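Notes to accompany the following structure.
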Amino acid sequence: MVDRRSVFMGAGALMATSVLSGALTTRVMAADSDPAEAKKLNVIFETAFNELLVLSPTMSTYLGLDKGEYAYQKSKLDHATRAERDKQIAYYARTIKALEGLDRSKLQGMDRVNYDTVLWDMKNGLKGVTIFKTMGTPYTVTQLSGSYLQTPDFLDNMHMIETKADADAYLSRLNEFAVVLNEETDNFNADAAMGVVPPDFAMDKAIKQLSGIRDTKAADSVLVQSLARRAREAKVAGDWAALATKIYEGPVRTALDRQVKALEAALPKATHDAGVWRLPQGAEIYAYSVRSGTSTDMTADEIHQIGLDKVKEINAELETVMAKLGMTKGTPGERMKAMAKDPKFVFENTDAGKDKLLAHLNAQIGVVQAKLPAYFGVLPKAKVEVKRVPKATELGAPGGYYQSPSLDGTRPGAYYINLRDTAEVPSWTLPTLTYHEAIPGHHMQISIQQENKNLPMLRQISGFNAYIEGWALYAEEVAAKDMGMYDDDPYGRIGYLHDALFRACRLVVDTGMHHKRWTREQAIDFMATQMGDDVATTTTEIERYCVWPGQALGYMIGKIKWQDLRARSQTKLGAKFDIKAFHDTGLTAGAMPLAVLEQLYADKGMI
């Protein structure tokens, strides 16, 4: 899973603030496009990207572009006011109007791909920011959303400290953190007044996590420790711990306490219903979530049935693999449950055991790295690191996620794994998770996209859930079936099938809760029965889908599309099919809606 951020296209002074200079915005136009129309397109793209960075200082930092004359961005955070949301709405509308003013018939090749992709994204973004108070989710604060979760990790891992100005900017952002928390609390209270409150179980976890951060002593807070440690390492003189402590114990703690109390006050209004169907405009919210999560026009009923069919298909394959190992008692889920409890597959749940697990993951990455050139012509330049999910947020966080590198290459990509309890990640499940989050999955796809300077900047940083997560699942299959990573590891192959089944179950439970009105408990029971996972792990996942509807659908729907395109290409090209060319074509073109991806391969004569 890619680390979820509230990414939106920004607004601001049209071209008055040129955020990037020529080297980053120059690109090669498609040879067959009308030169004048292609030039207009590129101007629209550059304008849109510059506006994004003007409105989103955190995006500037994520991309490593908050330096030099643009260092002013480094002291700010993105705000959550209605005025900021109105700027987003105006931005989308303005950019859509500019794009629709072009003559699409005069654009060819990648210019047309870029046009179709960005226009789809802008229209989808406008729809989302109109429906939701916050981008991409129906709730302002949950166990998985809110600045209380994002900002501490952002300041610790994204905000670079090399100079006194960087440290001062950190303090400024720490003050801004309190402001944003209060803005979100205001939004939460306004939502609650309209009956938009997260389910009670999501509220309980959010309150627990918020209270834990609020009650942490300044000396133990990552918000204080990070600045003090990194300023010291950079030899920046000053008592930065004291300065950060004053802000943390003052406005930040006050804002955290206010947010805790707001959630506690709203808790009696919360129901146990899991789906968004119960909310005002619930059906519209889920229809949008399905479209946004899959970039298709598939219905919830269609996706639900695909999920049921895939569950049956993968269970049959598990039966075959397990039978060869003499595992024949019980359902596949019951057998995997027994495997998960087998001590030989579990790392010690100690700091030493967790360090050993991280070292094991790095070794896996090294093995698959050596195999990449046989299947990919274009390889990423950026490195990838394996990190633990921060302890402060591991309770509600998923099992693993990926964070992209900076555009300038100074910060590597990061594959985060949740180690709250090593029993939740037995060794036979780790290879597939690694191939998904790192290589040949997220790190490879996102790094290649970001490093392709022939793409306009909007395309280098764009994300489409079904393309990205679908690629990561397809990459798991490349590792399993093409690279032969499980040829001598039958238990690892079970882990690969376990994760495929997991993604199939997601189709069933997400549509089940939000469309068919399943309860949280129905969804937990279905997934736990099929997967054999412990209830705690399953519950965390189900509660994720409750507050983030539709996102989990993109994984399997996207994988099916990648598989379909490859099969069609092999059929059409026969002996001329080149796996490197197939992969490079899809990856170098960057993330896009699935229909545009299909058109890309058709235009190339590959399907």
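The values are calculated or read from the model by the stated rules, or taken from the named source; none is laboratory data. Owing to the predicted nature of the structure, the values given are computational and were not obtained by experimental measurement. Every residue, glycine among them, receives a Cβ derived from its backbone with ideal geometry; neighbour counts consider all protein chains shown.
Numbers for the structure displayed
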read-out: Number of the exception - Gly532 against (1) on the phi > 0 side of the Ramachandran plot; (2) out of contact with any Lys or Arg (no Cβ under 7 Å at 6 or more places or on another chain); (3) small (Gly, Ala, Ser); value: (2)
read-out: Selection count where residues are assigned to a helix (DSSP H, G or I) and farther than 23 Å from Val118 by Cβ, scope segment 571-603; value: 11
read-out: Matching residues, segment 357-385, being in contact with a strand residue (DSSP E or B) (Cβ under 8 Å, 6 or more places away or on another chain), without any contact (Cβ under 8 Å) to a residue 40 or more places away in the chain and part of a helix (DSSP H, G or I); value: Asn362
read-out: Residues being free of Cβ contacts under 8 Å to residues at least 60 places away in the same chain and in contact with an Asp or Glu (Cβ under 9 Å, 6 or more places away or on another chain) - total across segment 446-478; value: 1
read-out: Number of positions in segment 536-565 that are in a helix (DSSP H, G or I), within 30 Å of Tyr601 (Cα to Cα) and in contact (Cβ under 8 Å) with a residue 60 or more places away in the chain; value: 13
read-out: Segment 245-270, residues that are of a type in the set (A, V, I, L, M, F, W, C) and either within 30 Å of the chain's Cα centre (by Cα) or surrounded by 14 or more Cβ atoms within 10 Å (Cβ to Cβ) (or both); value: Ile247, Val252, Ala255, Leu256, Val260, Ala262, Leu263, Ala266, Leu267, Ala270
read-out: Unmet requirement for Glu37, which otherwise passes all of (1) crowded, with 22+ Cβ neighbours inside 10 Å; (2) under 29 Å from Leu107 (Cα atoms); (3) touching a Lys or Arg at 6+ places or on another chain (Cβ under 7 Å); value: (1)
read-out: Within segment 505-530, tally of residues that are surrounded by 22 or more Cβ atoms within 10 Å (Cβ to Cβ) and more than 21 Å from Asp200 (Cα to Cα); value: 5
read-out: Enumeration of residues in segment 468-490 that are crowded, with 21+ Cβ neighbours inside 10 Å and either among the β-branched types (Val, Ile, Thr) or in a helix (DSSP H, G or I) (or both); value: Ile468, Glu469, Gly470, Trp471, Ala472, Leu473, Tyr474, Ala475, Glu476, Val478, Ala479, Ala480
read-out: Residue match in segment 237-244 (condition: outside the structural domain of Gly512 (by TED's automatic domain parsing), outside any helix (DSSP H, G or I), crowded, with 16+ Cβ neighbours inside 10 Å and touching a residue at least 40 places away in the same chain (Cβ under 8 Å)); value: no
read-out: Failed item, numbered, when Gly463 is tested on (1) out of contact with any strand residue (DSSP E or B) (no Cβ under 8 Å at 6 or more places or on another chain); (2) part of a loop (DSSP other than H, G, I, E, B); value: (1)
read-out: Residues located in segment 128-181, provided they are among the basic types (Lys, Arg), buried (at least 18 other Cβ atoms within 10 Å of the Cβ) and modelled with pLDDT of 95 or more; value: Arg173
read-out: Matching residues, segment 139-166, being within 19 Å of Leu65 (Cβ to Cβ), under 17 Å from the mean Cα position of the chain (by Cα) and of a type in the set (A, V, I, L, M, F, W, C); value: Phe154, Met158
read-out: Qualifying positions in segment 99-138 - within 29 Å of Glu543 (Cα to Cα), among the hydroxyl-bearing types (Ser, Thr, Tyr) and more than 20 Å from the chain's Cα centre (by Cα); value: Thr130
read-out: Which listed residue is at pLDDT below 95 and over 16 Å from Ser462 (Cβ atoms), from Lys67, Lys76; value: Lys67
read-out: Test: residue in segment 472-486 that is closer than 23 Å to Glu541 by Cβ and hydroxyl-bearing (Ser, Thr, Tyr); value: yes
read-out: Meets criteria (in contact with a Gly (Cβ under 7 Å, 6 or more places away or on another chain), assigned to a helix (DSSP H, G or I) and of a type in the set (D, E, K, R)) for Glu84; value: no
read-out: Residue satisfying condition, being within 21 Å of Leu430 (Cα to Cα), in contact (Cβ under 8 Å) with a residue 60 or more places away in the chain, in the same structural domain as Gly550 (by TED's automatic domain parsing) and in contact with a Leu (Cβ under 6 Å, 6 or more places away or on another chain), within set Lys354, Lys337; value: Lys354
read-out: Residue that is over 16 Å from Asp499 (Cβ atoms), buried (at least 22 other Cβ atoms within 10 Å of the Cβ), out of contact with any Cys (no Cβ under 6 Å at 6 or more places or on another chain) and modelled with pLDDT of 95 or more, where the choices are Ile542, Ile579; value: Ile542
read-out: Residues (surrounded by fewer than 18 Cβ atoms within 10 Å (Cβ to Cβ), assigned to a helix (DSSP H, G or I), of a type in the set (D, E, K, R) and touching a residue at least 40 places away in the same chain (Cβ under 8 Å)) located in segment 95-115; value: Lys106
read-out: Test: Met327 is in a loop (DSSP other than H, G, I, E, B), within 20 Å of Ile131 (Cβ to Cβ) and either out of contact with any Lys or Arg (no Cβ under 6 Å at 6 or more places or on another chain) or free of Cβ contacts under 8 Å to residues at least 60 places away in the same chain (or both); value: no
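Yes/no per residue for (1) under 14 Å from Lys381 (Cα atoms); (2) in a loop (DSSP other than H, G, I, E, B); (3) at pLDDT 95 or above:
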{"site": "Tyr415", "(1), (2), (3)": "no, no, no"}
{"site": "Leu419", "(1), (2), (3)": "no, yes, no"}
{"site": "Leu430", "(1), (2), (3)": "no, no, no"}
{"site": "Thr434", "(1), (2), (3)": "no, no, no"}
{"site": "Pro440", "(1), (2), (3)": "yes, yes, yes"}
{"site": "Gln445", "(1), (2), (3)": "yes, no, yes"}
{"site": "Ile448", "(1), (2), (3)": "yes, no, yes"}
{"site": "Asn454", "(1), (2), (3)": "no, yes, no"}
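The rows are residues; the columns are (1) surrounded by 17 or more Cβ atoms within 10 Å (Cβ to Cβ); (2) at pLDDT 90 or above; (3) charged (D, E, K, R); (4) closer than 30 Å to Asn452 by Cα.
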{"position": "Leu325", "(1), (2), (3), (4)": "no, yes, no, no"}
{"position": "Lys337", "(1), (2), (3), (4)": "yes, yes, yes, no"}
{"position": "Thr350", "(1), (2), (3), (4)": "no, yes, no, no"}
{"position": "Gly353", "(1), (2), (3), (4)": "no, yes, no, no"}
{"position": "Ile365", "(1), (2), (3), (4)": "yes, yes, no, yes"}
{"position": "Pro373", "(1), (2), (3), (4)": "no, yes, no, yes"}
{"position": "Val384", "(1), (2), (3), (4)": "yes, yes, no, yes"}
{"position": "Lys391", "(1), (2), (3), (4)": "no, no, yes, no"}
